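The values are calculated or read from the model by the stated rules, or taken from the named source; none is laboratory data. Keep in mind it's a predicted model, so treat the numbers as computed, not measured. Because the Cβ atoms are built from the backbone with ideal geometry, glycine has one as well, and the counts that use them run over all protein chains shown. For accessibility, only protein heavy atoms count, side chains too; no ligands or nucleic acids. Shrake-Rupley method; radii C 1.70, N 1.55, O 1.52, S 1.80 Å.
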Amino acid sequence: MMPDSDASQPSIQASTVIRNIGQLVTIAQQPIPGASGPLQVISHAALAVRRGVIVWIGPDNEAEPMFQSSSAASADGITIIDAEGVVVTPGLVDSHTHLVFAGDRAEEFHLRHAGVSYGELLAQGRGILTTMKDTRSADTDTLVALAKARLDTMREHGTTTVEVKTGYGLDKITEETCLRIITNLNALGESGINKLGRIRVVPTFLGAHTVPPEYQEQRSAYVDLIIEEMLPSFVGLARFCDVFCEHEAFTLEESRRILTRAKELGYQLKIHADQLSPSGGARLAAELGAVSADHLDYTSDADLDAMRDAGVVATLLPGSSYSLRSPYPLARRFIDRGLHVALATDFNPGTSYCENMQMMMGLAMSSMGMTLEEALMAATINGARALALHDKIGSVEVGKRCELTLWSINDYHEIGYHFGVNLVQSVLVRW
């Protein structure tokens, strides 16, 4: 498709043009001409991409004369994709998962429903330690195959970027094995997108998930192992360092030591905070300038204010509340205080065995008080903020990466309304 020589519009170099978009839900952070509503929706839209970056967005009827091939060697010029009138949003961003593990914990799920608490299971050496044993005993090929299958499921449900934590090895060898699996799920190219799964993977080191059995009587030695050996060894493999700050896992002071050293080594910080009790994790996240604090079920108003003032993203994990049958955090507490709120699956074998971000949005609307617009922002641009990637992904804007979710619906208001089925048709990633 070459520009008309008499056309008044300037030509724009592009390699791909997506046309006939019924609704383009941009979630743009800057005003877009012709867009409407809080999510900046353009009806009957088109967009153009060059080298994986969006170069133009606008009405479909303006697309025809504007583009020329970005490759002089291309015979036909531009790849045209017909969206067939569907809804297009930014790709969903799942900013908190525990994807690499072996085994399952179905028995514990039913024990909890019979009245055994999550804390009791941890005290009995179950929970995380059950998965640790299964993961340590699994071979690398098995762990890779399981991780790829889970990524495929996430992609099928609309996710294009996922954060993946370690935390089920809890020794240096297995943690490194899991971390290398995570990093190898990425392509080697600049875009960082898996060429098979077409999904961006962000690696996080979570050696401080719980204290392994061999260190139960010398927990300070395990903290030293993380600080003195694991963290220095994994620089360059993991982008983030995370800690489970909880009475049943790591104390506030242990968490501070680990995260302080991680920050000195150049890691960005995350923290499991205040999930089971008011542990002080949210306040620590603010103190150390963490990118996000996650869970936050028992966080005080004062600590939420400290997070807001420090620019820490609040990541809420409704799948965990669903599985544990615990009270859902009320999203209004966070949103009305001015925090950026993200949603994530917390995909893990014990407390949120769900790869589906659509489910998280539905729970957020039905049980946490979010509007549809707030839930979509939490699952896209604010998920990107929770990974410090909001300058690259999370909204459909000129200059950002082309990572899109195509929905098999005619209006974005069907999201959350039509539940229990997969509403995603496909994802589209260009690089």
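Quick check on region 142-260: of the DSSP beta bridges with both residues there, what percent are antiparallel, nearest 5%? Numbers along the way, then the final one.
On the way: 1 of 11 bridges.
In region 142-260, approximately 10 percent of DSSP beta bridges are antiparallel ones.
Among the trypsin sites (Lys or Arg not before Pro) within region 284-359, those in coil by DSSP and having at most 11 neighbouring Cβ atoms inside 10 Å are ARG325.
Highest mobility in the GNM of the chain, judged by mean-square fluctuation with C-alpha springs under 10 Å and restricted to HIS113, HIS247, HIS390, is found for HIS113. Rg/Rh for region 79-229 (Cα atoms only, Rh after Kirkwood) is 1.05. If you sort ARG257, ARG385 by accessible surface, 1.4 Å probe, largest first, the order is ARG257, ARG385. Rg and Dmax of region 90-154, both derived from C-alpha coordinates alone, stand at 14.2, 43 Å. Against the longest principal axis of the chain, how steep is helix 357-367, in degrees 0 to 90 to the nearest 10, with axes from Cα atoms? For 357-367 against the chain, the angle is about 70 degrees. When the Cα positions of GLY281, HIS44, PRO65 are compared along the charge dipole of the chain, PRO65 comes out farthest toward the positive end, with charges on each C-beta of Lys, Arg, Asp and Glu.
Each of SER36 and THR251 was given a label point 7 Å from its Cα along the Cα-to-Cβ line. The distance between the two points is 5.9 nm. All other residues whose Cβ lies under 10 angstrom from that of SER320 are scored, Lys and Arg at +1 and Asp and Glu at -1, for a net of -3. Normalising the average separation of contacting C-alpha pairs (under 8 angstrom, six or more residues apart) by the number of residues puts the relative contact order of region 44-188 at 25 percent. Site pair GLU287 and ASP309 shows an inter-label distance of 1.5 nm when each label is modelled 7 Å from Cα along Cα→Cβ. Measuring spread by the Cα atoms of the chain yields a radius of gyration and Dmax of 22.1, 80 Å. Using just its DSSP H runs of length 4 or more, each adding -39500 (n - 2.57), the chain gives a mean residue ellipticity at 222 nm of -8500 deg cm²/dmol after division by all residues.
Would you mind telling me the antiparallel percentage of the DSSP bridges in the chain, rounded to 5? Each step should come with its number before you reach the end.
Numbers: 27 of 64 bridges.
Here the antiparallel bridges make up roughly 40 percent for the chain.
Give me the accessible area per residue for region 277-431, probe 1.4 Å, as a whole number in Å². Before the final figure, lay out the partial values.
Numbers: 5460 Å² over 155 residues.
Accessible surface, normalised per residue, equals 35 Å².
Comparing GLY119, GLY169, GLY85 in a Gaussian network model of the chain, where Cα atoms under 10 Å apart are tied by springs, the biggest mean-square fluctuation is seen for GLY119.
When the chain is treated as a Gaussian network with alpha carbon springs shorter than 10 Å, the biggest mean-square fluctuation among ALA384, ALA102, ALA364 belongs to ALA102. Measuring between alpha carbons in the structure, the pairs from LYS133/LYS165; LYS165/LYS270; LYS263/LYS392; LYS133/LYS172 lying more than 20 angstrom apart are LYS263/LYS392. Quotient of the Cα radius of gyration of region 310-370 and 2.2 N^0.38 Å, N being its number of residues: 1.08.
Here region 286-423 is treated as a Stokes sphere of Kirkwood radius computed over C-alpha pairs; at 10 °C and 1.306 mPa s its diffusion coefficient rounds to 103 µm²/s. Rolling a 1.4 Å probe across all protein chains gives ASP171 an accessible area of roughly 40 Å².
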